[in-house]
Amino acid sequence: MRDNLKLGRVGGVRVGANWSLLALAAVVGYSLAASLLPKDVPGYAPVAYSLAGSLTALGLVVGVFLHELAHAAVARQAKLRVDGITLSFLGGVTRVEGEMVKPPIEFAIGLVGPLASATVGAASVGLSVLAGDAGWRLAAGSLRWLGFINVLLAVFNLLPASPLDGGKVFHGVLWWATGRRWLATRLTAAAGWGLGAVCAFGGLLRLEGGDELDGFILLMMAWFLVTSAKQEELVGRAQHVLGSVRVSDIMRRAVMAPGWLTVNAFWGTWVSSASDAAFVLERWDGSGPTGVVTAQQLAGVPPSLQWSVRAQDVASPLPTGGSESLRPDQPALAIAGREGTALPVFDNGAIVGVVLAVDVAAMVARGTPVQPRTWASTGLRPASAGAGSAG
């Protein structure tokens, strides 16, 4: 889920907000100011209701942040790296790097978020009682609604469907009971699709009955559930396919080659002896690689153009820097979150392989776990000039 608004860092963790949370806060603030608070606590000026509604919406955002912060804290306690937090509709996403190697860890991380929301809700209700006793009726009404919304958020998030926290709790239980992580992922994703369908049907019924606000919220929930469940299933499939192997098991071996050759000349000199390689193309002036090309890309050039189009003209670009280099001995899932269609793999300062996005996509689409290959630092020759390295 994308950050549409950067909010800074807390404890070294990047925090951002998705537009869906901002939309929810706006809807909550408007509903409270326009109808709910005037009905519950009559007798105040419109500006007072607007201020109270806005502050309650802000309190909701803070509650969502505490919800996600609880996830991050437990993940760090389990020695997992937290890459960032995105606050969004119905909670948010805490991006945890690394594999949750034990179901109890996933169970604990999933459960703590709803517990945090329930705690915020209970504290809000308690403060509303104190505010009422002090005669602050509007503050008491706002705090009651804030408590109700947070408790509702906690209860809804405990439903056993992906991507909700309850889905993660349920996933941890299924994983522990069956020992099959991918099966647990498929079941919780299917539950997410089903819950999304129920929300969509309910939203359409609300709209048909003239309740635009509830209908809009339910349809928004349906969209969130379905798209997020699809993403969770995709991530789970990648974990199933790549989770037990290293980068060296999914990369193509790298061969340095001249990028200025025409496709026809390149094919006869290089591809014929290393058709499965990833060719790292040199620049004419020796200033570094210009891209990566494969036999499949070269074969896509029409025959009539193979005498004029150069290999570098159809190559995929290499990352220009700004990210940590891949190593052959890293887990294959280390490629997650990295941008680029071709990722070079370095060993002792030399490019020894290239991970291609198209290859990874094909592996994940097949759904069959990748088998490990034998690799050592001397097992693959690093990219170097000359046709001899193609063999």
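Readers should treat all values here as calculations from the given coordinates under stated rules, not as data from a laboratory. As the structure is a prediction and not an experimental result, all values here were calculated from the model. Using ideal geometry, Cβ is built from the backbone for each residue, glycine included, and neighbour counts are taken over all protein chains shown.
For the chain, find the longest principal axis of its Cα atoms and tell me its angle to the long axis of helix 103-133, 0 to 90°, nearest 10.
It works out to around 30 degrees.
Among rounded, prolate and oblate, which fits the range 118-181 when a ≥ b ≥ c are the square roots of the eigenvalues of its C-alpha gyration tensor, a/c under 1.5 means rounded, and a/b larger than b/c means prolate? Write down the numbers at each step before the final one.
Values: a/c = 7.88, a/b = 4.15, b/c = 1.90.
Here the range 118-181 falls in the prolate category.
Ranked highest first by average number of other Cβ atoms within 10 Å, how do 77-89, 183-195 line up?
183-195, 77-89
Of the listed pairs LYS6/LYS39; LYS79/LYS168; LYS168/LYS230, which have alpha-carbon separations greater than 25 Å here?
On the way: LYS6/LYS39 36 Å; LYS79/LYS168 18 Å; LYS168/LYS230 14 Å.
Going by Cα-Cα distance, LYS6/LYS39 fall outside the 25 Å limit.
Which angle from 0 to 90°, rounded to the nearest 10, does the C-alpha axis of helix 46-77 make with the longest principal axis of the chain?
Approximately 50 degrees, to the nearest 10.
Rounded to the nearest 20 Debye, what is the dipole magnitude of the chain about its Cα centre when Lys and Arg each give +1 and Asp and Glu each give -1 at the C-beta? Write out the running numbers ahead of the final one.
Working: 29 positive and 25 negative charges, 124 e Å.
The calculated dipole for the chain is roughly 600 debye.
Scattering from the C-alpha atoms of the chain alone, worked out with Debye: what is log10 I(q)/I(0) at q = 0.06, 0.08, 0.12 1/Å?
Relative scattering, expressed as log10 I(q)/I(0), comes to -0.35, -0.57, -0.97.
Only Cα pairs within less than 10 Å get springs; with that Gaussian network setup on the chain, which residue of ARG310, ARG144, ARG246 has the largest fluctuation?
Result for the chain, Cα springs under 10 Å: ARG310 fluctuates most.
For the range 247-390, taking Cα atoms only, what is the radius of gyration to one decimal and the Dmax to the nearest whole Å?
Cα radius of gyration and Dmax of the range 247-390 are 14.9, 43 Å respectively.
Comparing GLY291, GLY110, GLY92, which has the greatest mean-square fluctuation in the GNM of the chain with Cα pairs linked when under 10 Å apart?
GLY291
Step through the residues of the range 134-149 one at a time and calculate ³J(HN,Hα) from phi using the Karplus curve (6.51 cos²θ - 1.76 cosθ + 1.60, θ = phi - 60°), rounding each to whole Hz and writing x for Gly and Pro.
With the stated coefficients, the range 134-149 comes to 7, x, 8, 5, 5, 4, 5, x, 5, 5, 4, 5, 4, x, 4, 5 Hz.
For the chain, what is the relative contact order in percent, using Cα pairs closer than 8 Å and at least 6 residues apart in sequence?
On the way: 686 pairs, mean separation 43.6, N = 391.
Answer for the chain is 11 percent.
Each label point is 7 Å from the Cα along the Cα-to-Cβ direction; what then is the distance between the points at ASP40 and ASN264, in nm?
Result for the modelled spin labels: 7.9 nm.
On a 0 to 90° scale, report how tilted helix 181-208 is relative to the longest principal axis of the chain, with both axes built from alpha carbons and the result rounded to the nearest 10.
Roughly 50 degrees, rounded to the nearest 10.
Ranking request for peptides 150-162, 339-351: highest mean number of other beta-carbon atoms within 10 Å first, then the rest in descending order. Mind showing how you got there, number by number?
On the way: 150-162: 20.9, 339-351: 17.3.
Result, highest mean first: 150-162, 339-351.
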